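Values in this text are rule-based calculations from the coordinates and carry no lab data. Predicted model, so just to flag it, every value in this text is computed and none were measured. Glycine also receives a Cβ, built like all others from the backbone with ideal geometry; neighbour counts cover every protein chain displayed.
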Amino acid sequence: MPMLTILLTGAGGSASANFLDAIRLSDDQIETVGADISGDRLHLSLADHRVIVPPPHDKQYMTAILHLTMEFGVDVIVPQPDQEVLALGQNRDSLIANMHLPDQPVLELAADKSALANRLKLQSVAIPESVAFKTRGDIDDLTSALLENHERVWVRARRGAGSRASLPISSPEQAVNWVDWWVSERALDYSDFMASEFLPGREFAYQSLWQNGQ
């Protein structure tokens, strides 16, 4: 069987590391190219080749990805995290390597945790009780309502990986102060945040491979 070459973006992160560990259990011949926007994280990757690329909002990002696919003869791109998934999905027609990503509207929906929660609820999928903020005033009102039924509430950014801007809170004041800090120090907006019931127990990260809804 010929060598399969896979490009992993976000290579220094845990999702790409888990994927790399999994494919190396295969008996197939696989060569991996790990790309990351951070040199500090890239050294954590165990890919066969490691390359720093510009961030996905940079005009040179797609140029760098195209260069890597040609230089290493990449067959498949496995993108991580969300920002790079969205950027590569948006430019999929210009890529010569396969990605097997869902349609762009599906990627956009999955990247917004509040919108995804609402869609899952409409499909009768069990999800934590969730609310989205639009203004600063919403934070106190909506977290107060959640805290009437739940001992703790999980406040977090609607977009981003690794529990971005997240904090378990037990009072509306904590929620307001937390979001205020991110708005003033990191230039996020109040509408970038959501809250949901805090689920107890151990935390698990689950990854699976899907094709045609299965």
Q: Whole Å is fine, so just give me how far the alpha carbon centre of the range 94-129 lies from that of the range 8-37.
A: 23
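Can you sort V74, V125, V176 by how many other beta carbons sit within 10 Å, fewest first?
Numbers: V74 22, V125 10, V176 18.
Listed from fewest to most nearby Cβ atoms, that is V125, V176, V74.
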Q | Most positive-pole-ward Cα, T63, V74, V51, against dipole of the range 20-97 from beta carbon charges | A | T63
Q: Assign unit charges at the C-beta atoms only (+1 for Lys and Arg, -1 for Asp and Glu), then state the dipole size of the range 17-107 relative to its Cα centre in Debye, rounded to the nearest 20.
A: 220
Q. Gain in length, A126 to R41, computed as 0.36 nm per residue apart minus the alpha-carbon separation, to one decimal in nm?
A. 27.1 nm
Q) What's the extension gain from H57 to A145 if we count 0.36 nm per residue and subtract their Cα-Cα distance? A) 27.9 nm
**Q.** Gain on full stretching of the segment that runs from S26 to M70 - 0.36 nm per residue minus C-alpha separation
**A.** 13.4 nm
Q: Select from A187, A157, A115 the residue whose mean-square fluctuation is largest in a Gaussian network model of the chain (Cα-Cα springs shorter than 10 Å).
A: A187
Q: Filter the trypsin sites (Lys or Arg not before Pro) in the range 40-77 down to the DSSP loop ones having no more than 12 other Cβ atoms within 10 Å, then list what survives.
A: K59
Q.
Give me, ordered by chain and number, the residues 5 or more places off T9 or on other chains with an amide H under 5 Å from its own placed amide H.
A. A35, V78, Q80
Q: Compute the long axis of helix 14-23 from its Cα atoms, compare it with the longest principal axis of the Cα atoms of the chain, and write down the angle in degrees, 0 to 90, nearest 10.
A: 40
